[in-house]
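For reference, the structure is listed below as structure tokens.
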């Protein structure tokens, strides 16, 4: 059980506190309910670029990192398709510095043109480093527009194309900031060696005066059900072929999420799981074979990802994966498999809650999904998954028409 | 219109490193030291077994990493499928890897599964069978991963650096080729394993809310079978043939970025300058607002990130700066790095910058000792490198008291441009 208390300031800012006296540190996490799904299709990658701008200082605090370091802390942030998340971990006795910093950049960000110009260049290099200068690095860029036709998940958080980042301007940065970076649209959570009453007092003192901003109602185009298989073949200068098969699934809050999360663990969560055992060791078709959930809030993807062994035909390899998936739709997973997945879930859960910063993020994340209490109740969701539910979910998910496949092949020398 | 900031900044309490002492060791019956890192509230135990079984001990190249990878590929009592199934059923995670100097197995388990999991840990550590078929498959898989890594500029630049620093014939600097994978046999593995994976040749760390629970179980599985009395593991000193400084270029065709790596020989962890070098590299490229990050990323926008570190293997130290930049910027990047180093060799760091770095490093030290799992990592960093039990206490003292004059002295001594290797891996 992760105990916590929650309050809402009059400007709408939600504040959640978890006390952990086993550490001298505290993490302040601030989650903005704005991700790449909120972008204009003509200007993708903007939420992430904006995250970079948040470190570029304000009129009051020109160098964001300096006070963090002076107080012995560390900080970072990430952007995904759904949200943008910032955190500062520092000695608990310096917690107020984090309040000062985060409240200051929630309302006084310096959006000068030269800051934008520079960060556009940094993000362009990030794009190259992560997606273009890595073997197989562009798989993400290829998969999304194949699997999604209308939902904004059709582009990755880094953006659809470098040219979108290059043409971002400070006018749109200002608009994005005013719309999304408001108390109404944010969740603040603190975990660590802190007194909840003191945290609420600090929240009121530093954030209480910020105008609430407007509530945002998302009205994203919903992806229609996929009826027909999609396939993309590309040739790249890589040593071996790679197979991707992606299937549409339910939202993060649907029952199917928990069922598929356990199921993918049974299939590929550990060395003795089915795919490593059958596809890698027994049949020797793949050198690696994984299956995982993309994990977004709106309906996401179950993604099979496998490096095909040299000398194996990718179509034959895909056929065997398909028959393994079809087997799930007709034949129950064993009690031992289910038990193993539950044990593994339990230790992973404990492992991830060793760190106060993980707890702070997780509380904020469950709150943005609907209720911070999810951090405790999702345990029951996992434990109650039955073999029958797995069969019916697998049958629905792994339909041939629901599949988007990428055959990523070595270019002929 | 957003309103103006009215409140003044909160006062910052100067961070302190906290308790940085090495936890005391308990001893198993035969004398094996077990370091206990106990606190926290989570009902998990992390047990790590460390052997002097890294690359430096190899007679045959790749033996160390392959033995480590083969531990869970079958034992005298279970084949690969069933040993993995037994481990995974407990929910435990076993991770094993070999570094340049040592090799280890980390077991993280629910406390209630402790007995089963330690029995399995002992089995994979001391009774692996190195079956031919699993070995062949593992080799194929690793070879495929190896070939992929040949396209990473960062990997190519790193190996060029270690080769320059340690010499291509030493175990620290040897460059792996496809042939190394084909040459290795299971007999090489058995030999290496028998020599180095022994209970009289290891140490253990236990971390968790109640590490003492693990002691009797460790005694049960790691002290029996007439094992010899424990002796302190020894890591030998290989012959190192450091090459002449200068420019090194490695062609990685079609890459859209180049890795720039500039490096020098450094010092080992027990050397009196090691701690001061930590502070110097922090100033140069150890944090977001460091000299290099400010110039190369924030002013020039050449890169997503640039960093500098001073590190050490057991027998040799190194200093290195690394970054990935667009091909078009690589020469400017090298020039800018040189300029920043020249400044640090001629102008003293301001007291303001010193305070910033001191506080930052104190906070980092406090995080190094935050929680039992972190402490276990810190222990390994001390023991494996003979850094001295008071290593972190001395580091905290250096951070507190080092002067700008001493920092400049370190830059003059260790960052001489005439002694640097300037490595670029990228397309021609």
Review point. Given the residues B:301, B:208, which is the only one that is in the same structural domain as residue B:120 (by TED's automatic domain parsing) and modelled with pLDDT under 95?
Key: B:208
Point to revise | Residue satisfying condition, being out of contact with any helix residue (DSSP H, G or I) (no Cβ under 9 Å at 6 or more places or on another chain), surrounded by fewer than 19 Cβ atoms within 10 Å (Cβ to Cβ) and in contact (Cβ under 8 Å) with a residue 60 or more places away in the chain, within set B:59, B:19 | key: B:19
**Study point:** For residue A:199: the one exception among (1) surrounded by 20 or more Cβ atoms within 10 Å (Cβ to Cβ); (2) not assigned by TED's automatic domain parsing to the domain that holds residue A:24
**Key:** (2)
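Is it true that residue B:180 is in contact (Cβ under 8 Å) with a residue 40 or more places away in the chain, farther than 30 Å from residue B:39 by Cβ and surrounded by fewer than 20 Cβ atoms within 10 Å (Cβ to Cβ)?
So residue B:180 passes the test.
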Practice item. Under 6 Å between Cβ atoms, at least 6 apart or on separate chains: pull out the pairs that start in the stretch A:31-57 with a residue that is more than 17 Å from residue A:183 (Cα to Cα) and end on any residue that is surrounded by fewer than 20 Cβ atoms within 10 Å (Cβ to Cβ). Key: A:56/A:115; A:57/A:63; A:57/A:110
Point to revise | Cross-chain or 6+ apart pairs with Cβ under 7 Å, the stretch B:138-155 first and more than 8 Å from every other protein chain (Cβ to nearest Cβ), then buried (at least 17 other Cβ atoms within 10 Å of the Cβ) and outside any helix (DSSP H, G or I) | key: B:138/B:73; B:154/B:259; B:154/B:324
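Just one of B:305, B:363 is out of contact with any helix residue (DSSP H, G or I) (no Cβ under 6 Å at 6 or more places or on another chain) and assigned to a strand (DSSP E or B); which is it?
Exactly one of B:305, B:363 is out of contact with any helix residue (DSSP H, G or I) (no Cβ under 6 Å at 6 or more places or on another chain) and assigned to a strand (DSSP E or B), namely B:305.
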Check your understanding: When both residues are 6+ apart or on different chains and their Cβ atoms are under 6 Å apart, which pairs have a first residue that lies in the stretch B:241-253 and is farther than 8 Å from residue B:421 by Cβ, and a second that is part of a loop (DSSP other than H, G, I, E, B)?
Key -> B:241/B:167; B:251/B:428; B:253/B:427
Practice item. Select the helices (runs of 4 or more DSSP H) contained entirely in the stretch B:91-208, then report the ones holding at least 3 residues which are farther than 30 Å from residue A:345 by Cα and in contact with a helix residue (DSSP H, G or I) (Cβ under 7 Å, 6 or more places away or on another chain). Key: B:132-149, B:186-196
Check your understanding: (1) under 30 Å from residue A:100 (Cβ atoms); (2) touching a strand residue (DSSP E or B) at 6+ places or on another chain (Cβ under 7 Å): which one isn't true of residue B:14, the others all being true?
Key -> (2)
Revision key, fill the gap. Restricting the stretch A:107-145 to residues that are in contact with a strand residue (DSSP E or B) (Cβ under 7 Å, 6 or more places away or on another chain), within 20 Å of residue A:178 (Cα to Cα) and outside any strand (DSSP E or B), the one nearest to the other protein chains (Cβ to nearest Cβ) turns out to be A:108
Check your understanding: For the stretch B:286-295, does any single residue satisfy the condition of being part of a helix (DSSP H, G or I), more than 25 Å from residue A:77 (Cβ to Cβ) and either free of Cβ contacts under 8 Å to residues at least 60 places away in the same chain or not assigned by TED's automatic domain parsing to the domain that holds residue B:411 (or both)?
Key -> no
Exercise for review: Give the number of residues within the stretch A:343-367 that are surrounded by fewer than 19 Cβ atoms within 10 Å (Cβ to Cβ) and more than 14 Å from chain B (Cβ to nearest Cβ).
Suggested key: 0
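Which members of the stretch B:113-127 meet the condition of being within 14 Å of chain A (Cβ to nearest Cβ) and either in contact (Cβ under 8 Å) with a residue 24 or more places away in the chain or within 27 Å of the chain's Cα centre (by Cα) (or both)?
B:114, B:116, B:117, B:120, B:124
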Exercise for review: Please tell me if residue B:359 is modelled with pLDDT of 95 or more, within 30 Å of residue A:353 (Cβ to Cβ) and not assigned by TED's automatic domain parsing to the domain that holds residue B:34.
Suggested key: yes
Exercise for review: Could you please find all residues in the stretch A:58-76 being touching a residue at least 12 places away in the same chain (Cβ under 8 Å), farther than 17 Å from residue A:99 by Cβ and at the interface with chain B (Cβ under 9 Å from one of its Cβ atoms)?
Suggested key: A:59
Exercise for review: Determine which single condition residue B:325 fails, assuming it passes every other condition in (1) part of a helix (DSSP H, G or I); (2) surrounded by 21 or more Cβ atoms within 10 Å (Cβ to Cβ).
Suggested key: (1)
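Are there any strands (runs of 3 or more DSSP E) wholly within the stretch A:193-300 with 2 or more residues that are within 14 Å of chain B (Cβ to nearest Cβ), touching a helix residue (DSSP H, G or I) at 6+ places or on another chain (Cβ under 6 Å) and at pLDDT 95 or above, and if so which?
Fully inside the stretch A:193-300 and qualifying: A:286-293.
The values are calculated or read from the model by the stated rules, or taken from the named source; none is laboratory data. None of the values given here were measured: they were computed from a predicted structure. Don't worry about glycine lacking a Cβ; one is built from the backbone with ideal geometry, like all the others, and counts go over all protein chains shown.
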